[in-house]
Number of protein chains: 2
Amino acid sequence: MSKTKVLLLGATGETGASILEGLARDGSFDISIAVRPASADKPAVRALADRGFSILSIDLSKKVNASVLTPFDTVISSIGPESQQSQLNFARAAKAAGVTRFVPCGFITVCPPGGIMALRDAKEEVYNLIFKLHLPYTIIDTGFWHQISFPPLPSGKLDEFHFLGENKLYGDGNAPNLLTDLRDIGPFVARIIRDPRTLNKKVFTWSDELSQNEIYALAEKLSGESIDKKPFALEEIEAVITKAKQAVDADPTNIGLQMGLWSQEYNMSKYYREDNTRKVALYLGYLDAKELYPDFKPITFEEYFKEILEGKGNRPYAGRF
Amino acid sequence: MSKTKVLLLGATGETGASILEGLARDGSFDISIAVRPASADKPAVRALADRGFSILSIDLSKKVNASVLTPFDTVISSIGPESQQSQLNFARAAKAAGVTRFVPCGFITVCPPGGIMALRDAKEEVYNLIFKLHLPYTIIDTGFWHQISFPPLPSGKLDEFHFLGENKLYGDGNAPNLLTDLRDIGPFVARIIRDPRTLNKKVFTWSDELSQNEIYALAEKLSGESIDKKPFALEEIEAVITKAKQAVDADPTNIGLQMGLWSQEYNMSKYYREDNTRKVALYLGYLDAKELYPDFKPITFEEYFKEILEGKGNRPYAGRF
């Protein structure tokens, strides 16, 4: 059987790198990598070319010729949160090229559209174009990563692994949250994109569904340290979000301000609205990747936490943020 | 087993009346009817009270007390196209009351959101609120009715049955369209709302999927008359829609102008985009009511057309438009 021809956009990002490794290890895909013209000469891209991946330079700021995507069966997009709209020309070209599965850049927490998370709504705009085009698709959401879901320890022992390190306790701390190890996104995606059951469906990946209280208890038990949790009330996060929105409105091209807003909206959705749960995912029509692939054993949060306690692991976005 | 307590909003409309008859004939529902305070004394509402239905007067222009909806298991909304936003307070109250199935006012053709049909987008705004509330729901779309899908005959024989009577041929006339007899909406809804498989799902009903060419051929064969079809090109409908949008923008509270726009957007979606098809419905994640209820034999378009050729039937919206 010939290999499925996959084009991956965003292979040098955190999620994209996981996808690339997952597809490469799987062995059943012929993988090409799409990059922006401005990125074609970056060391990270040259390193991928050196590993033998075909590199396609595509300018998504204008109409993309269908012929560019004609060779591919499956197209996967995993790009920066600030670049979601660049997928619109990508999706149009995929439709014109007859791509049989388009995986837009999902890969976030489960959350309904309509003003809860600006980042979600930017993605939904792309999804709506996909639906208008009748373009075959699979939307994959991954919950929150283990790598950004653990608290700092008083000893400072885990500081080197922290990208989002804080010891706030949002609400009562009991909201369950879907979690996936960043390294498992790729293996999940490899299974999902060759599965006919996931065509024209939304799928969520997860290893655990844990509350902050459960995470704190586990962290204290495994580390032997006592963590000082800082309660954060609904009114406080509402005030923070209002302020963050005002800052974005006053300076709409400032990506740093947008990221500040997005991170607070994640917290609102995860901890107060309780959107990022298995129950809500099923309610919203997602398929459960753990049910689809019972053979695959994702890395649990506890396994991940033990690794970093032993000093193993990498901080996400190392060298970038 | 006690009967499911259903509250129906919009029972005096065309779709609502079909739903009411379907639920009443089914026998497994305890049916109440919600009306606006301004409608409570209308003859049509008094006639329903005389038949023994409980009538609830609810003002949807303001917050609705949860206690009003607490007695009901299932709430169904079937209201005029111009009143979609009045469902927002209704949905919020349903959530607060713990209603276990909310059926918002769908009951139109299959079509993706995002600027194709203003009427669809008004409904999607309600759906998005439902999703944000995590309110249990079933969305039911019914394609286009037999009753408004047949052409006029040169003899004028069918004129009394015409609400939308025209002999245009949109595009090449080959776009397939999902059709449901207006009278079958109720029996379909009765089955759908007691079916656990349809909870938190979209469902489409249909008897036939027919193109204009198939409908014209059938009408000519059964009537023995020759119909003069008037070709209507994509550019023509685009121009008509542009003009209709300008008219609505200039006079946004004029319902007549909105209806003019909606009817052309139906045509664009049905005949040029080919959205109202089984294929697109399945692509968009709808369940097929004919597959769910193989025991139910919906009235086919041919059966309906034979009836009106024999002079049997009622014009939709008789006495109203």
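What follows is calculated from the coordinates using simple rules that are stated; it is not laboratory data. What you see is a predicted model; the values in this text were computed from it and never measured. Using ideal geometry, Cβ is built from the backbone for each residue, glycine included, and neighbour counts are taken over all protein chains shown.
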List, largest first, the extents of the alpha carbons of region B:1-150 along their principal axes, each in whole Å.
42, 41, 35
Taking only the alpha-carbon atoms of region A:1-78, what semi-axes of the equivalent ellipsoid follow from 5 times the gyration tensor eigenvalues under a square root, in whole Å, largest first?
18, 16, 11
Cα centroid separation - region A:269-319 against region A:102-124, whole Å:
17
Number of Lys pairs in region B:85-240 with C-alpha atoms less than 20 angstrom apart, excluding same-chain neighbours closer than eight positions?
18
When each copy gets a label point 7 Å from Cα toward the beta-carbon at B:F296, what are the spacings between them in nm, shortest first?
3.8
List the trypsin sites (Lys or Arg not before Pro) in region A:16-55 that DSSP assigns to loop (not H, G, I, E or B) and whose Cβ has at most 14 other Cβ atoms within 10 Å. Which are they?
A:R51
If the chain between B:E238 and B:E310 were fully extended at 0.36 nm per residue, the gain over the current Cα-Cα distance would be 22.2 nm
Report P(r) for chain A: all Cα-Cα distances, bin width 20 Å, range 0 to the bin holding the largest distance, values in whole percent.
31, 59, 10
Just want to confirm a number: the relative contact order over region A:89-153, from Cα pairs under 8 angstrom separated by 6+ residues, in percent.
45
With the label point 7 Å along the Cα-to-beta-carbon line of B:L133 and a cut-off under 19 Å to each amide N, the hits in region B:88-117 are B:88-107
Cα-only radius of gyration and Dmax that characterise the protein assembly as shown, units Å:
27.4, 91
Chain A to chain B by rotation: the residue of A with the beta carbon nearest the axis and the rounded distance in Å are A:G285, 3
For B:S207, distant residues with modelled amide H under 5 Å away
B:L179, B:T180, B:D181
Taking the Kirkwood radius as the inverse of the mean 1/r across Cα pairs, report the Rg/Rh of region B:81-120.
1.03
For A:M259, B:M268, A:M117, which order do you get if you count the other beta carbons within 10 Å of each Cβ and list the fewest first?
A:M259, B:M268, A:M117
Rounded, prolate or oblate: which fits region A:146-267, taking a ≥ b ≥ c as square roots of the Cα gyration tensor eigenvalues, rounded meaning a/c under 1.5, else prolate when a/b beats b/c?
oblate
Using a label point 7 Å beyond Cα on the Cα-Cβ vector, give me the inter-copy distances for A:P154 in nanometres, one decimal, shortest first.
9.5
Considering only A:S77, A:S57, A:S149, give the residue with the highest GNM mean-square fluctuation for chain A, with springs between Cα atoms whenever their separation is below 10 Å.
A:S57
Zero-based 10 Å bins, Cα pair distances in region A:65-206, whole percents:
11, 35, 32, 15, 6, 1
Of all DSSP beta bridges in the protein assembly as shown, antiparallel share, percent nearest 5:
10
Copy-to-copy label separations for A:G224, where each label sits 7 Å from Cα toward Cβ, in nm and ascending:
10.0
